[in-house]
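Take a look at the structure below.
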Amino acid sequence: MKQARSVESLSESDARAELEWLAKELLKANLDYHAEDSPQLSDADYDKLKARNSAIEARFPNLKRADSPSDMVGAAPSGRFGKVTHAQRMMSLGNAFDASDVTEFDDRVRKYLGVRAGSALPYTAEPKIDGLSLSLRYENGALVQAATRGDGTVGENVTANARTIRSIPQKLTGAPEVLEVRGEVYMTHADFEALNQRQEEAGAKTFANPRNAAAGSLRQLDAQITRTRPLAFFAYAWGEVSAPLAETQMGAVERLASLGFDINPLTRVCADVDALLEQYAEIEQQRARLGYDIDGVVYKVNDLDLQRRLGYRSTTPRWAIAHKFPAELAWTRLEDIEINVGRTGALSPVARLLPVTVGGVVVSNATLHNEDYIAGRASDGGEIRGGKDIRVGDWVQVYRAGDVIPKVADVDLSKRPEGAAPYRFPETCPECGSDAIREEGDAVRRCTGGLICPAQAVEKLKHFVSRGAFDIEGLGAKQVEMFYADDQLPVRTPADIFTLEARDAANLTKLANREGWGETSARNLFAAIDERRRVPLARLLFGLGIRHVGEVAAADLARHFGSWSALTQAVDAAAPAAARHLRADEAEAAERRAAAEEGRRARIKPAREAAWEGCDAAARAAWEDLIGIDGIGAVVAAALVTGFGQSAERASIDRLVEQLTIEDAAAPDTSGSPVAGKTVVFTGTLEKMTRAEAKARAEALGAKVSGSVSAKTDILIAGPGAGSKATRAAELGVETMDEDAWLALIGGA
Ligand code: IVH
């Protein structure tokens, strides 16, 4: 960003030149934002330019241009949209791709609730609208706020724009005092075509598909433009409500209809999985005639009391799932195969394609997954695509499903050009030249360069500053690349970010004097970095970019361990056992093979136990604790051990941690909970709820649920059939109670 000198020190001719530059930059930013719906400037940078422009105009009023950005229509003076923190998070949905995924979903729900197969458990089924979600807040019947989903926690305030949408009522009669209605903003095919035609005639940019058009239209700074855009809204969910809407999902949606909202006419109650699949087929059949885009069918547990019991995983409800339609396809030529090196060193082949439209979107890159995929081999040694390999020059089928990265699905051998050679997957890293190796059982070839590999280091840094991680304003992918390559002020590891200001102060050439930087932008960057020195445990963990530790696993780990020291101690303690676990897996596989050959039953337990012989007992216990955490299995646990165990990586993490104040994971609000902080163990048969539900509820009340009784156990909840754990508890004098007493204690039936 080019702003260096204070406004007071500008000469008249400098001011004129800068105003000209600002007018150009801001016009371009506005066009990118309005016409393209693809902003290139961050909101903060945009605001900074506008403020600079106003300051110069205030000092030199005679220099104000006829096309001054201050007078631009639609540019709100206070920046883009205000931010809105949702009273209740806006969740996303898990996906199902076939009937067996749907059956598994139903099984999971039943298991969680303890509802037997065969007992009634109705669901609703409704189209999944391909638009963008919106939350509308009504207070005493008046629409007071409309917000986009954003990251689920904080969205954009688009109230003025939402008021221009005809199917959104401004006033409700007979609604609860507080009511947040949630649903999807979308555009019909007819309206989309007409809009694009108008845009074309006006020489303005056209939209790629109705979803983009809806998003671009809703996120207009000038509500008058939104008013001219034909947007519609279907209500299908709600957030905060001061009084329940109904007892069932269907009842609640019908209540929304009676309040004046459009609800989707294809919403049905279905008695079981078969009925869900029938409704799916019905909706799929009607899809082409609906006149608007849908990308699947959403199933929701109908009984709202059961929805409440099922609750949420980190970002998705346990009580709903999206059954997606199969993807769209197109054929095109594979021009080249390039290799990307990711933050975990994975070499990912990317197809460069002759651009082709797939389901309304132009695709020029697609994933080729890994070397086996290119060769036509499946991970289990079998064939994919009937064993056909993929070669540069081939005619290939591209597959795209919703937001998922497009992939190359098939190849047409009859069109293979003469002389096309089989693709040779590189065995060294194209970025650093280190060996790229495949470990036993891993489909992916990885660069062994670790932090010396610039591609890995840069990708790790980009991940570190990304939205779900440290989210440092003004430090995006572009700046990370710049600082990584900078010899005077290098940022090569995350810790370097936090020493940037101190190092800059000691440098002769200041960041502020660099091309593209100025006093303000440098100061703002340092301030933004400082703001992130305090970091919640889950964000830190996610930011480290350890393999398999995504946002969900990071949140699970943070919730479980609460603090950085508890987490690292646990992982370090478990480390010596991780290799044993792998050995036990190998021993199990070997035993299975031997048993199959000899035609006998496999004796798995003894085979596994033999591999554990001689393992330190404390390490094994720590390992078992780690893999026993809800949502964490052996794969994540092993990745943590590896991530914290390599000395160079660990040193880099330690240096980072020195720079930070890590906020312990906020325990759930357990004020008043009689079991907060207590360690409890469930044993025997539970009759009122399943183990999973018992565990989730206990944890929600701030208790730690453990699998084994020890001196640290506070309460043992023993159902019928309790065995050795009850005996052990008695020996240790641990308080023991039955399920009813437990329920009475936590105050719920
Ligand atoms: S229910 C807590 N129902 O799909 C569950 N979502 O992939 C809230 N969507 O963010 C969502 N049609 O934007 C629900 N009939 C429908 C939907 C729907 C479209 C969108 C919604 C959500 C996304 C999740």
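The values are calculated or read from the model by the stated rules, or taken from the named source; none is laboratory data. Keep in mind that what you see is a predicted model, and the values were worked out from it rather than measured. With ideal geometry, Cβ positions are generated from the backbone for all residues, glycine too; neighbour counts draw on all protein chains shown. All accessible areas refer to the heavy atoms of the entire protein, side chains included, with ligands and DNA or RNA removed. Shrake-Rupley method; radii C 1.70, N 1.55, O 1.52, S 1.80 Å.
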Inset, instruction - Can you sort 482, 689 by 1.4 Å-probe accessible area, starting with the largest? - result: 482, 689
Legend entry - the range 624-664 shape via C-alpha gyration tensor axes, a/c threshold 1.5: oblate
Inset, instruction - Within the range 79-177, report the GluC sites (Glu not before Pro) that DSSP leaves as loop and that have at most 15 other Cβ atoms within 10 Å. - result: 177
Legend entry - Accessible heavy-atom area order of 242, 673, 348, highest first, probe of 1.4 Å: 242, 348, 673
Legend entry - Relative contact order (percent, whole number), the range 569-663, Cα cutoff 8 Å, 6+ residue spacing: 37 percent
Inset, instruction - Using only alpha carbon pairs under 8 Å that are at least six residues apart, calculate the relative contact order of the chain and give it in whole percent. - result: 10 percent
Legend entry - residue 67 - accessible surface, heavy atoms, 1.4 Å probe, Å² rounded to 10: 90 Å²
Inset, instruction - Would you work out the relative contact order for the range 265-383, in percent, from Cα pairs under 8 angstrom that are 6 or more residues apart? - result: 14 percent
Legend entry - Spherically averaged projected area of the range 95-136 from its Cα convex hull (nm²): 4.6 nm²
Inset, instruction - With a/c under 1.5 counting as rounded, go ahead and sort the range 152-310 into rounded, prolate or oblate using the C-alpha gyration tensor (a ≥ b ≥ c being the square roots of the eigenvalues; past the cut-off, prolate if a/b is larger than b/c, else oblate). - result: oblate
Inset, instruction - Express in Å², to the nearest 10, the accessible area of residue 102 obtained by rolling a 1.4 Å probe over the protein heavy atoms while all chains stay in place. - result: 0 Å²
Inset, instruction - Please give the calculated 222 nm ellipticity per residue for the chain, where each DSSP H segment of at least 4 residues contributes -39500 (n - 2.57) and the sum is spread over every residue; nearest 500 deg cm²/dmol? - result: -12000 deg cm²/dmol
Legend entry - Fraction of accessible area attributable to carbon and sulfur, the chain (%, probe 1.4 Å): 50 percent
Inset, instruction - May I ask you to give the solvent-accessible area per residue for the range 210-292, in square angstrom, as obtained with a 1.4 angstrom probe? - result: 44 Å²
Inset, instruction - Using only alpha carbons, build the gyration tensor for the range 531-677 and give me the equivalent ellipsoid semi-axes, biggest first, whole Å. - result: 34, 18, 13
Legend entry - Difference of contour (0.36 nm per residue) and Cα-Cα distance, residue 103 to residue 367: 92.1 nm
Inset, instruction - Can you quote the Å³ per residue value for the convex hull of the Cα atoms in the range 381-534, rounded to an integer? - result: 194 Å³
Inset, instruction - Can you tell me the equivalent ellipsoid semi-axes for the range 310-462? Use √(5λ) from the Cα gyration tensor, largest first, whole Å. - result: 26, 25, 16
Inset, instruction - Pull up the cross-link candidates among the lysines for residue 83, meaning alpha carbon to alpha carbon under 30 Å and not fewer than 8 places away within one chain. - result: 2, 24, 28, 48, 50, 128, 171, 205, 300, 460, 462, 478
Legend entry - the range 98-203: C-alpha gyration tensor shape, a/c 1.5 cut-off, then a/b vs b/c: oblate
Inset, instruction - May I ask you to list the GluC sites (Glu not before Pro) in the range 509-587 that are in a DSSP loop and have at most 15 other Cβ atoms within 10 Å of their Cβ? - result: 515
Legend entry - Cysteines, the chain, no other Cys beta-carbon under 4.7 Å: 270, 615
Legend entry - Semi-axis lengths, Å, the range 339-399, gyration tensor of Cα atoms, sqrt of 5 times eigenvalues: 21, 17, 10
Inset, instruction - Any chance you could look up the accessible area of residue 463 with a 1.4 Å probe, heavy atoms only, rounded to 10 Å²? - result: 20 Å²
Legend entry - Those GluC sites (Glu not before Pro) in the range 227-326 that DSSP places in a loop and that have at most 14 other beta carbons within 10 Å: 247
Inset, instruction - Could you order 521, 565 by accessible surface area, starting with the largest, using a probe radius of 1.4 Å? - result: 565, 521
Inset, instruction - Compute the distribution of all C-alpha to C-alpha distances in the chain, in bins of 20 Å from 0, and list the percent of pairs in each, rounded to whole numbers. - result: 13, 41, 38, 7, 0
